[in-house]
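> Here it is, the structure in full.
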Amino acid sequence: YITIIPEIEMPSHSEEVLAVYPELSCSHESYKDSDFCIGNEQTFEFLENVLSEVIALFPSEYIHIGGDECPKERWKECSKCQARIKKLGLKDEDELQAWITRHFTDYLAKKGRIAIGWDEVLAGNPSKDTIIQNWRRSKYAVDAAKKGHDIIISPVGTTYFSVPQGIEDDPFTYLSPKMRSSLKNVYSFNPYSLIPPESKGRVLGGECCLWTECIWNEYDLAWKLWPRGLAFAEAMWTNPKEPRDYEEFKKRAKVHRKELISSKINCAPLE
């Protein structure tokens, strides 16, 4: 009863692709860019081929297309991207990202799939079928719901397991070391808490995110996932209107932690 939803990040966070296919970047040099060149017709052929292959591999109704943290600096210097902006009558690079987002959400719709995008894609006024995944401030989730989008809630300050969990002398490396996502924070997570009553029906649920830039092996990964994964799972299947007892949860989590460790799965302390 698990559906794998692939995420094919575009137009940015694509350094690993552009290192191998530098001709799809604005600079045409490996390890220089993170954004696809939107003025290059090969970019569209490449991404459509990738999505077609992904669709054939994954039966999921949904395909995540990313869309977050696109710097767009290379586009300002790229003659091909600037020509695309002029040809389409766009105002700037922000509108260029909005245009390519609509292009690929429409492409997926024609293939019978529904696109998911991080809350940045909302700026491009994607089709109502596009699901918005909120990771920044809650106002973006509220805005998405008001515009008729279903939403997934995954706030960086609570559900990102790639940030520290507040354990003293933690031996592992984390992204955003000044942030904290403690076990108690995760257990108290409620995806509906900041959504107005009239929009709560748009909330599909939440997601815990574990990015792997600072993860070197399964031992490292498991430490960051467990026991926070236990807290997140219970937070998601508990009726949000019912009270939760963190101390009672810890008693059960202690048992699960022993089971994980006995199965040779690394698990951080509860405190």
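> Go through the stretch 88-167 and tell me which helices (runs of 4 or more DSSP H), entirely inside it, have 3 or more residues that are modelled with pLDDT of 95 or more, over 14 Å from the mean Cα position of the chain (by Cα) and at positive phi.
Helices (runs of 4 or more DSSP H) meeting the threshold: none at all.
> Just to be sure, is residue 34 open to solvent by 40 Å² or more (accessible area, probe 1.4 Å) and either in contact (Cβ under 8 Å) with a residue 60 or more places away in the chain or not aliphatic (A, V, I, L, M) (or both)?
When the stated conditions are applied, residue 34 does not pass them.
> Residues in the stretch 7-53 that are touching a strand residue (DSSP E or B) at 6+ places or on another chain (Cβ under 6 Å) and farther than 21 Å from residue 99 by Cβ: how many?
0
> Of all residues in the stretch 37-58, count the ones that are surrounded by fewer than 16 Cβ atoms within 10 Å (Cβ to Cβ), touching a residue at least 40 places away in the same chain (Cβ under 8 Å) and either of a type in the set (Gly, Ala, Ser) or not in a helix (DSSP H, G or I) (or both).
Of the residues in that region, 2 qualify.
> Same structure, new question: Which of the residues that make up the stretch 206-222 are part of a helix (DSSP H, G or I) and either hydroxyl-bearing (Ser, Thr, Tyr) or surrounded by 21 or more Cβ atoms within 10 Å (Cβ to Cβ) (or both)?
Within the stretch 206-222, just 219 meets the criteria.
> Quick check: anything in the stretch 183-195 buried (at least 20 other Cβ atoms within 10 Å of the Cβ), more than 24 Å from residue 212 (Cα to Cα) and either without any contact (Cβ under 8 Å) to a residue 40 or more places away in the chain or among the β-branched types (Val, Ile, Thr) (or both)?
yes
> Those residues that are open to solvent by less than 40 Å² (accessible area, probe 1.4 Å) and farther than 15 Å from residue 100 by Cβ, I need them from the stretch 64-83; list them, please.
Within the stretch 64-83, just 64 meets the criteria.
The values are calculated or read from the model by the stated rules, or taken from the named source; none is laboratory data. Since the model is a prediction, treat every value here as computed from it, not as a measurement. Neighbour counts run over all protein chains shown; Cβ positions are idealised from the backbone, glycine included. Note: areas computed on protein heavy atoms with side chains; ligands, DNA, RNA excluded. Shrake-Rupley method; radii C 1.70, N 1.55, O 1.52, S 1.80 Å.
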